[in-house]
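The values are calculated or read from the model by the stated rules, or taken from the named source; none is laboratory data. Quick caveat, the model's predicted, so the values are computed rather than measured. Glycine gets a Cβ as well: all are built from the backbone with ideal geometry, and neighbour counts include every protein chain shown. Heads up: the accessible areas ignore ligands, DNA and RNA and are worked out on the full protein's heavy atoms, side chains in. Shrake-Rupley method; radii C 1.70, N 1.55, O 1.52, S 1.80 Å.
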Amino acid sequence: MEELKSDMDKILVLCDDRWHPAEVVEKGLALLSGKDYQFDIITNAKEILTSEMLSSYQLVLCSKNNNVSADNTEPWFEEGATKTGPREFKKFVENGGTFAAIHSGAAFSETSWGQEERFRRPCMEYVDFLGCIFHGHPPLCPVEVRVTNATQPFVKGVEDFTEYDEHYQIKISADDVQIFLETSSVSGGTCPAGYVRTMGKGKVIVLTPGHTSEVWENENFQRIIKNILNCGMED
């Protein structure tokens, strides 16, 4: 008889925002789902995600910008309204969890959180938690993804690849990151594209490619995601 999965075998996925519909992430993860991985997907994290729910997972994949959902573009993070946000994510990681921000999960900038303090403060805390701030991207274009540190387990078996994508430009603000990927494009130059930082007993991972289905379905990107899943579940 097949062993029943425990909550700790499940992976929490936060996705869906104005420019990044959940379907792209869901379609990409569907190629990995099955007996090895079970994905629990939440699109309205502002209303649904609680600290108790978060504590039942070991790994969180976040591909979600600062919108409640694709249909509701109000800010996700709001003091006094968001049940679980940056402070809870930080505690989750410090206690041994892994939080991986993929593409729009790292697209937080001053233009995305507005001027009201109840929105601004938690977004700044999230940027500090990730260790980077988003500066934008050129129009969709061919983006080359290159491995820069093959000793990192997240890029085990991964080869350089090129896909049509949004070329994210981020500025790293933390001094403890270990970069393992970079991206290049004609109009966007060369940018850091994948890194890990240790926080307490856990890890924060940032991965900037992933706007298009072509990227999510690329075998090397799939390998990166699978490596993140395996490393996250082992911690």
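Can you tell which of 147, 127, 60 is over 17 Å from the mean Cα position of the chain (by Cα) and among the aliphatic types (A, V, I, L, M)?
Details: 127 fails: over 17 Å from the mean Cα position of the chain (by Cα); 60 fails: over 17 Å from the mean Cα position of the chain (by Cα).
On inspection, the qualifying residue turns out to be 147.
Kindly indicate which of 162, 151 is in a loop (DSSP other than H, G, I, E, B), of a type in the set (Val, Ile, Thr) and either in contact with a His (Cβ under 7 Å, 6 or more places away or on another chain) or farther than 18 Å from residue 16 by Cβ (or both).
Among 162, 151, only 151 is in a loop (DSSP other than H, G, I, E, B), of a type in the set (Val, Ile, Thr) and either in contact with a His (Cβ under 7 Å, 6 or more places away or on another chain) or farther than 18 Å from residue 16 by Cβ (or both).
Scan the stretch 182-215 for residues that are of a type in the set (S, T, N, Q) and closer than 14 Å to residue 106 by Cβ and jot them down.
Going through the stretch 182-215, the residues of a type in the set (S, T, N, Q) turn out to be 183-185, 187, 190, 198, 208, 212-213.
Matches in the stretch 182-215: 183, 208.
Is it true that residue 205 is open to solvent by 20 Å² or more (accessible area, probe 1.4 Å), of a type in the set (A, V, I, L, M, F, W, C), within 27 Å of residue 58 (Cα to Cα) and not in a loop (DSSP other than H, G, I, E, B)?
no
Out of 24, 93, 68, 60, report the one residue that is in a loop (DSSP other than H, G, I, E, B) and either surrounded by 15 or more Cβ atoms within 10 Å (Cβ to Cβ) or aromatic (Phe, Trp, Tyr) (or both).
Checking each option against the conditions leaves just 68.
Give 200, 157, 189, 136 a once-over and let me know the one that is surrounded by fewer than 20 Cβ atoms within 10 Å (Cβ to Cβ), touching a helix residue (DSSP H, G or I) at 6+ places or on another chain (Cβ under 7 Å) and farther than 24 Å from residue 12 by Cα.
157
For residue 112, work out the one condition from (1) in contact with a strand residue (DSSP E or B) (Cβ under 8 Å, 6 or more places away or on another chain); (2) open to solvent by 20 Å² or more (accessible area, probe 1.4 Å); (3) modelled with pLDDT of 95 or more it doesn't fulfil.
Residue 112 satisfies all of (1) in contact with a strand residue (DSSP E or B) (Cβ under 8 Å, 6 or more places away or on another chain); (2) open to solvent by 20 Å² or more (accessible area, probe 1.4 Å); (3) modelled with pLDDT of 95 or more except (3).
Just for the stretch 45-57: of the residues that are free of Cβ contacts under 8 Å to residues at least 40 places away in the same chain, hydrophobic (A, V, I, L, M, F, W, C) and crowded, with 18+ Cβ neighbours inside 10 Å, which one is farthest from residue 23 (Cα to Cα)?
49
Just to verify a result, which residue in the stretch 53-77, among those that are of a type in the set (D, E, K, R) and out of contact with any Leu (no Cβ under 9 Å at 6 or more places or on another chain), is nearest to residue 87 (Cα to Cα)?
Here the answer is 74.
Of the residues in the stretch 73-90, how many are open to solvent by less than 80 Å² (accessible area, probe 1.4 Å) and under 17 Å from the mean Cα position of the chain (by Cα)?
Step one: list which residues in the stretch 73-90 are open to solvent by less than 80 Å² (accessible area, probe 1.4 Å), which gives 73, 75-79, 81-82, 84-86, 88-89.
Those still in the list that are under 17 Å from the mean Cα position of the chain (by Cα) too: 76-77, 84-86, 88-89.
Qualifying residue count for the region: 7.
With over 28 Å from residue 125 (Cβ atoms), open to solvent by 10 Å² or more (accessible area, probe 1.4 Å), of a type in the set (Val, Ile, Thr) and within 18 Å of the chain's Cα centre (by Cα) as the only criterion, which of 162, 212 stands out?
It is 212.
Determine which single condition residue 175 fails, assuming it passes every other condition in (1) without any contact (Cβ under 8 Å) to a residue 40 or more places away in the chain; (2) assigned to a loop (DSSP other than H, G, I, E, B); (3) touching a strand residue (DSSP E or B) at 6+ places or on another chain (Cβ under 9 Å).
(3)
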